[in-house]
Amino acid sequence: MIVDWALASIHHLAIFTLAAILASELALTVGEVSAPTIGRLARVDAWYGVVAALVLAAGVARVIFGLKGSGYYMVNIFFWTKMALFAIIAAISVPPTLLYIVWRRAARGDPAFRPEAAAVRSVRRALWAEVALFAAMPLAAAAMARGFGM
């Protein structure tokens, strides 16, 4: 029972941290994106990847070692909905990450570098799409936890 609690705690804390990191990226892309901001974005985004991996690892550990057992999850449509949302969010997060890398290289070569407004708008659209999909995950989680979708 303690393992189940510990895994659930790690999983939930990581999820909330992921939400905070996503909010930070949105905040950093408001207004002009300067060279120092690009550096912050790249560092924050790196943590996004680390914490997303932690969310996934803790979630997999819950499926394997949690009290409900893997059989509960494998047949639940809401579990698979959460997995699909997570995968889509991960896919949407790739283009902004690649842009941050390109921007950081450009800013290192030219401290006056500023990304084009259209590129920043594109990143913000991707971030907002992640937010929208991220917001749907607790709905699927609550349904799954209550045995819906079996």
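The values are calculated or read from the model by the stated rules, or taken from the named source; none is laboratory data. All figures in this text were calculated on a predicted structure; none of them were measured in a lab. Counting neighbours? That spans all protein chains shown, and the Cβs are built from the backbone with ideal geometry, glycine included.
Among the listed residues ALA143, ALA132, which satisfies the condition of being surrounded by fewer than 17 Cβ atoms within 10 Å (Cβ to Cβ) and at pLDDT 95 or above?
On the way: ALA143 fails: surrounded by fewer than 17 Cβ atoms within 10 Å (Cβ to Cβ).
Of ALA143, ALA132, the one residue that is surrounded by fewer than 17 Cβ atoms within 10 Å (Cβ to Cβ) and at pLDDT 95 or above is ALA132.
Kindly indicate which of GLY149, GLY59, GLY71 is of a type in the set (Gly, Ala, Ser) and not in a helix (DSSP H, G or I).
Just one listed residue meets the conditions, GLY149.
Inspect region 137-147 for any residue being of a type outside the set (S, T, N, Q) and more than 23 Å from the chain's Cα centre (by Cα) and give the result as yes or no. Before you say what the answer is, go through the steps one by one.
Filtering region 137-147 for residues of a type outside the set (S, T, N, Q) gives 137-147.
Still in the list and also more than 23 Å from the chain's Cα centre (by Cα): 146-147.
The answer is yes, given that some residue of region 137-147 is of a type outside the set (S, T, N, Q) and more than 23 Å from the chain's Cα centre (by Cα).
Identify, please: which residue in region 74-103 is more than 21 Å from the chain's Cα centre (by Cα) and either in a loop (DSSP other than H, G, I, E, B) or not hydrophobic (A, V, I, L, M, F, W, C) (or both) and is, among those, surrounded by the most Cβ atoms within 10 Å (Cβ to Cβ)?
ASN76
Out of region 1-55, which residues are closer than 26 Å to LYS82 by Cα, free of Cβ contacts under 8 Å to residues at least 40 places away in the same chain and not small (Gly, Ala, Ser)?
Answer for region 1-55, where residues must be closer than 26 Å to LYS82 by Cα, free of Cβ contacts under 8 Å to residues at least 40 places away in the same chain and not small (Gly, Ala, Ser): ILE2, TRP5, HIS12, LEU13, PHE16, THR17, ILE21, VAL44, TRP47, VAL50, VAL51.
Quick check on my filter: what residues within region 122-150 are in contact with a Ser or Thr (Cβ under 9 Å, 6 or more places away or on another chain) and under 26 Å from THR37 (Cα atoms)?
The answer is VAL123, ARG124, ALA126, LEU127, GLU130.
Among the residues of region 107-118, write down those that are exposed (fewer than 15 other Cβ atoms within 10 Å of the Cβ) and either of a type in the set (A, V, I, L, M, F, W, C) or in contact with a strand residue (DSSP E or B) (Cβ under 9 Å, 6 or more places away or on another chain) (or both). Don't jump to the end; show me each part of the working.
We begin by selecting, within region 107-118, every residue exposed (fewer than 15 other Cβ atoms within 10 Å of the Cβ); these are 108-112, 116-118.
Listed by number, the residues that qualify are ALA112, ALA117, ALA118.
Can you find a residue in region 30-46 that is of a type in the set (A, V, I, L, M), under 19 Å from LEU99 (Cβ atoms), touching a Pro at 6+ places or on another chain (Cβ under 6 Å) and in a loop (DSSP other than H, G, I, E, B)?
Taking region 30-46 as the starting set, the residues that turn out to be of a type in the set (A, V, I, L, M) are 30, 33, 35, 38, 41-42, 44, 46.
Next, only the ones that are under 19 Å from LEU99 (Cβ atoms) stay: 30, 33, 35, 38, 41-42, 44, 46.
Keeping just the survivors that are touching a Pro at 6+ places or on another chain (Cβ under 6 Å) gives 33, 35.
Then keep just the ones that are in a loop (DSSP other than H, G, I, E, B); that gives 33.
Yes, because at least one residue in region 30-46 is of a type in the set (A, V, I, L, M), under 19 Å from LEU99 (Cβ atoms), touching a Pro at 6+ places or on another chain (Cβ under 6 Å) and in a loop (DSSP other than H, G, I, E, B).
Being among the small types (Gly, Ala, Ser), under 19 Å from the mean Cα position of the chain (by Cα) and at pLDDT 95 or above narrows it down to one of ALA53, ALA117, ALA107, so name that one. Talk me through it step by step, then tell me what you get.
On the way: ALA117 fails: under 19 Å from the mean Cα position of the chain (by Cα); ALA107 fails: under 19 Å from the mean Cα position of the chain (by Cα).
Of the residues listed, the single one that is among the small types (Gly, Ala, Ser), under 19 Å from the mean Cα position of the chain (by Cα) and at pLDDT 95 or above is ALA53.
Going residue by residue through region 30-47, is there one that turns out to be on the phi > 0 side of the Ramachandran plot and exposed (fewer than 15 other Cβ atoms within 10 Å of the Cβ)?
Kept after step one, since they are on the phi > 0 side of the Ramachandran plot, are these residues of region 30-47: 31.
Cutting the leftovers down to exposed (fewer than 15 other Cβ atoms within 10 Å of the Cβ) gives us 31.
Yes, region 30-47 has at least one match.
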